[in-house]
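What follows is a set of notes on a single structure, which appears directly below.
The values are calculated or read from the model by the stated rules, or taken from the named source; none is laboratory data. As the structure is a computational prediction, the values presented were derived from the model and not from experiment. Don't worry about glycine lacking a Cβ; one is built from the backbone with ideal geometry, like all the others, and counts go over all protein chains shown. Side chains included, ligands, DNA and RNA excluded: accessible areas come from the protein's heavy atoms. Shrake-Rupley method; radii C 1.70, N 1.55, O 1.52, S 1.80 Å.
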Protein chains: 2
Amino acid sequence: MADQSAPPSSESLLFLTDEQLRKGIEAMFFAYRGFTADPDRILEERGYGRAHHRAVHFIHRSPGTTVNNLLSILGVTKQSLNRVLRTLIEDGLVESKVGTKDKRERHLTLTDKGRELERALSDAQRNRMRDAYRKAGPEAVQGFRQVLVAMMDGDMRRHYLALKDAGQ
Amino acid sequence: MADQSAPPSSESLLFLTDEQLRKGIEAMFFAYRGFTADPDRILEERGYGRAHHRAVHFIHRSPGTTVNNLLSILGVTKQSLNRVLRTLIEDGLVESKVGTKDKRERHLTLTDKGRELERALSDAQRNRMRDAYRKAGPEAVQGFRQVLVAMMDGDMRRHYLALKDAGQ
DNA sequence: GTTTTAAGTCAGCCTTGTTGACATTCCAAG
DNA sequence: CTTGGAATGTCAACAAGGCTGACTTAAAAC
């Protein structure tokens, strides 16, 4: 599924100067700032940080996910995640239910309050993304996603592709 | 939400469902991990962090830049930057020279040792970027950059565009 | 001569990452 | 039934790298 598109074999020469690549790197750096700017503002108002955002996002995306699964998606230690998760549970944004089949596992879901925060964050981020897409045009969107996927490490690509997708 | 599986091919109206936007957001998140993974490894070996990388990158990019200019590009406080800059100067990677015209200013340049680190970091990062570009194809590269630029905040876009560019 | 600007420094705080050690629970294999 | 190991949680300590606020020094600007 990863790469079956026509390899640029025949004219596989992309003229990629160091300067062009450098501009790509810098674009990534500056764009990521924009990407996180709106959520950061909302989070700060409510006393949370990016770590909370990430947790809320992926719990929303995969309701009932286990702590271990979340750990491997987020790529942090359980101690680090636990601190964040604990405050979210205490504040009533996340619910942790002991597994029925395997009672060692905890299944995480958002509460109404948690969904409300997720809404606010993802609305802001989607608006930014939509504006960027509109400015760049439909063809750009395709290319954007393709390059990003190609930039991921294998593990992360696997996680990315595993997320429920309502079609490209 | 019934059926949006058809890609909006070359339509000027973008059908941007929440799901599509969400996948873009997640792609950005996972890709940024890949983007920083290689430099992070190199930095760790040498006892530096991403903050050092950013400083070294932009000093290399704009030799002789002042501290104030660097501050506005990086978007951090001078106390934060100073801590990083001090270790780089102590370790002999960066040189700080009093300005000739305005003696309040310090002009920052990389030493040979600094250039060596910058080389290692940017080689790794460019290789990743080049591979991603190759996998995605030439048209994707255009779109990638366009969306990223559109995603930047105004200030950052200004900085980005101001960086010397040896042509697209 | 006063004010403003550029830079540096000190102290302290916060978030979010890390290790390491250890307790608990409980599934599953022997 | 017992035990090993997996999944989770928790405590403590630490580090990087953000932040604010207060303050100094030097030089430029007015």
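When the test is whether a residue is under 18 Å from A:Lys23 (Cα atoms), of a type in the set (Asp, Glu), open to solvent by 50 Å² or more (accessible area, probe 1.4 Å) and away from DNA strand C (no atom under 13 Å from the Cβ), B:Asp112 does not pass it.
If I filter the range A:66-79 down to residues being within 12 Å of DNA strand C (Cβ to nearest atom) and assigned to a helix (DSSP H, G or I), which single residue comes out as nearest to A:Arg50 (Cα to Cα)? Spell out the reasoning first.
Keep residues of the range A:66-79 that are within 12 Å of DNA strand C (Cβ to nearest atom), which gives A:70-72, A:74-79.
From what is left, the residues that are assigned to a helix (DSSP H, G or I) are A:70-72, A:74, A:78-79.
Details: A:Leu70: 15, A:Leu71: 15, A:Ser72: 17, A:Leu74: 12, A:Lys78: 16, A:Gln79: 16 Å.
Of everything passing the filter in the range A:66-79, A:Leu74 is nearest to A:Arg50 (Cα to Cα).
For B:Arg61, the test of being facing chain A (nearest Cβ under 9 Å) and touching a residue at least 60 places away in the same chain (Cβ under 8 Å) is passed.
Residue-level check: of (1) more than 13 Å from DNA strand C (Cβ to nearest atom); (2) assigned to a helix (DSSP H, G or I); (3) closer than 30 Å to A:Lys103 by Cα, A:Pro63 misses just (2). None of A:Lys103, A:Lys97 is of a type in the set (D, E, K, R), within 13 Å of DNA strand C (Cβ to nearest atom), assigned to a strand (DSSP E or B) and over 16 Å from the mean Cα position of the chain (by Cα) except A:Lys97. For the range B:18-60, enumerate the residues that are at pLDDT 95 or above, among the small types (Gly, Ala, Ser) and open to solvent by 30 Å² or more (accessible area, probe 1.4 Å). B:Ala51 - this is the single residue of the range B:18-60 that is at pLDDT 95 or above, among the small types (Gly, Ala, Ser) and open to solvent by 30 Å² or more (accessible area, probe 1.4 Å). Counting only residues that are within 12 Å of DNA strand D (Cβ to nearest atom), open to solvent by less than 30 Å² (accessible area, probe 1.4 Å) and of a type in the set (Val, Ile, Thr), the range B:61-78 holds 0 of them. The residue pairs whose first member lies in the range A:86-103 and is away from chain B (no Cβ under 14 Å) and small (Gly, Ala, Ser), whose second member is open to solvent by 60 Å² or more (accessible area, probe 1.4 Å) and away from DNA strand D (no atom under 11 Å from the Cβ), and whose beta carbons are closer than 6 Å, counting only pairs six or more residues apart or on different chains, are A:Gly92/A:Lys113. Filtered by the rule that a residue be open to solvent by 30 Å² or more (accessible area, probe 1.4 Å) and at pLDDT 95 or above, the range A:129-148 gives no residues.
Among the residues of this structure, B:Arg158 does not count as one that is charged (D, E, K, R) and in contact with a helix residue (DSSP H, G or I) (Cβ under 9 Å, 6 or more places away or on another chain).
Select from the range B:43-60 the residues that are of a type outside the set (A, V, I, L, M) and within 14 Å of DNA strand C (Cβ to nearest atom) and write down the one among them that is nearest to B:Val94 (Cα to Cα). It would help to see each step written out before you state the result.
Pass one, the range B:43-60, residues of a type outside the set (A, V, I, L, M): B:44-50, B:52-54, B:57-58, B:60.
Still in the running and within 14 Å of DNA strand C (Cβ to nearest atom): B:44, B:49-50, B:58.
Working: B:Glu44: 19, B:Gly49: 15, B:Arg50: 16, B:Phe58: 12 Å.
It comes out as B:Phe58.
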